[in-house]
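First up is the structure itself, then whatever we jot down about it.
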Amino acid sequence: MQEKKKLSLIAKIGVGFIIGLILGFIIGPMAPNSPFIADIVIPLLQLVGNIFLALLKMLIVPLVFSSLIMGASSIGDPKVLGRIGVKTVAFYLGTTVVAIAIGLVLGNIIQPGVGMAIEGAKAAAKEPETVFNVILNIFPANPLKALVDGVMLQVIVFALFLGVAATLIGEKGRAFLEFNSSLAEVMFKVTAIVMKTAPYGIFALIAVTAAKYGPAVLAPFAKVIFAVYLGCFLQVVIVYSGLITGIVHKSPLWFLRGVREAMLAAFVTRTSAGVLPISMNNVQNNLGVSEDVSAFVLPLGATINMDGTAIYEGICALFVAQAFGIDLSFGAQLGILMTATLASIGTAGVPGAGLIMLSMVLVSAGLPIEGMALVAGIDAVLDMARTCVNVTGDMCVSTVIAKTEGEKL
């Protein structure tokens, strides 16, 4: 007998999103004349949604803290932190910064959330701060307080210091790293368990939103999809093509033809790690990158390079702010850029990474985490583009590193 194919998690979230929308549109007009719907059904849906949000918030600090320590320790290995390692990390973080900037610029220009006018946000945007204060505040004077309060930029910086330092002291840091490795694995499993409840949480949250605001919530989704795909297109055409032309001294078409199989596989499968063998085959056989470079740069990129996801985070953070009528200052947007860039080191391999990372960025920016439900239903469509760009960025950087190492491509 042929086994029944199970729906993927993202497909289940999409189904929950659609059913929630339909239910919300049905019960919304009925609520004023039905005490049962107004006093029982909608509050019950709100309770389910709020429980899901609470579970997400529960994950953020321990998940990011433990996984970042392990990510930093692998990068901080003195044997790895050689010439190639430093250049690779610099290029990955540099392209991620540019990607987030593209997302924020497009979010400000296209303004996908304007017009939704969702009220009752449970969080308000942070007070505008100067750029100097934003930079100063990423360094924790009291790291334990940062952990308790969930000040994510400070948690990230503290975790990075711990991961690198534990590696530098050698054998004495091994027990600490083994503990954090175990903690990270436990948190990955807890995340997987919580994400299984995502279809129900998203269903409940979007049903309440649709019941309250009606069909007006639909229009901005097309603008979000357009903004994310445009941002991904610009990242490939401007950033990656610029690196290939300026450093490799080759035509961008040469690069894109050589990696098109991996790009298409990433777009369809939506998994960076899953297409790693295809990526390595493409850059080695089609572009001429050596196995020594590709075997180091590509797996590292699958862990820390999230350019497509970074574009998504920037656009979606502004979408949520605009939907709730919250004005984000330049300082707050700079904080989003820093948070998403540093967080990219430790969250790429986490199941449900896009939604988890978005929830972390929203909390860090002082935005209502409820806004995550607004984009969860279209996450599969967005995930195809961002995964394709993530993988393309890995292959671009591996090609650039090979060129800087004197390899003939």
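The values are calculated or read from the model by the stated rules, or taken from the named source; none is laboratory data. Please read these numbers as outputs of a predicted model, since none were measured by experiment. Here the Cβ positions follow ideal geometry from the backbone for every residue, glycine too, while neighbour counts run over all protein chains shown. Ligands, DNA and RNA are stripped out before the accessible areas are found, and what is left, the full protein with its side chains, is counted by its heavy atoms. Shrake-Rupley method; radii C 1.70, N 1.55, O 1.52, S 1.80 Å.
Only residues that are closer than 15 Å to residue 330 by Cα, of a type outside the set (Lys, Arg) and either modelled with pLDDT under 90 or open to solvent by less than 70 Å² (accessible area, probe 1.4 Å) (or both): list them for segment 109-136, please. Before the answer, list the steps.
From segment 109-136, those closer than 15 Å to residue 330 by Cα are 109, 125-135; that's our starting set.
With of a type outside the set (Lys, Arg) added as a condition, the list becomes 109, 125, 127-135.
Those that are closer than 15 Å to residue 330 by Cα, of a type outside the set (Lys, Arg) and either modelled with pLDDT under 90 or open to solvent by less than 70 Å² (accessible area, probe 1.4 Å) (or both): 125, 127, 128, 129, 130, 131, 132, 133, 134, 135.
Residue check: residue 391 meets all listed conditions (1) over 14 Å from residue 10 (Cβ atoms); (2) at pLDDT below 80 but one, namely (2). When 176, 158 are checked against the criterion of being farther than 30 Å from residue 20 by Cβ, modelled with pLDDT of 85 or more and open to solvent by 70 Å² or more (accessible area, probe 1.4 Å), a single residue qualifies: 176. Could you say which residue among 52, 25, 36 is open to solvent by 70 Å² or more (accessible area, probe 1.4 Å) and either among the aromatic types (Phe, Trp, Tyr) or in a helix (DSSP H, G or I) (or both)? Only one candidate passes the filter, namely 36.
With open to solvent by 20 Å² or more (accessible area, probe 1.4 Å), touching a helix residue (DSSP H, G or I) at 6+ places or on another chain (Cβ under 7 Å) and free of Cβ contacts under 8 Å to residues at least 60 places away in the same chain as the only criterion, which of 209, 245 stands out? None of the other options fit; the residue is 245. Cβ separations smaller than 6 Å between residues 6+ apart or across chains give no pair from segment 381-399 residues that are free of Cβ contacts under 8 Å to residues at least 40 places away in the same chain to residues that are buried (at least 24 other Cβ atoms within 10 Å of the Cβ) and in a helix (DSSP H, G or I).
A single member of 90, 99 is open to solvent by less than 30 Å² (accessible area, probe 1.4 Å), part of a helix (DSSP H, G or I) and either within 24 Å of residue 306 (Cβ to Cβ) or at pLDDT below 90 (or both), and it is 99.
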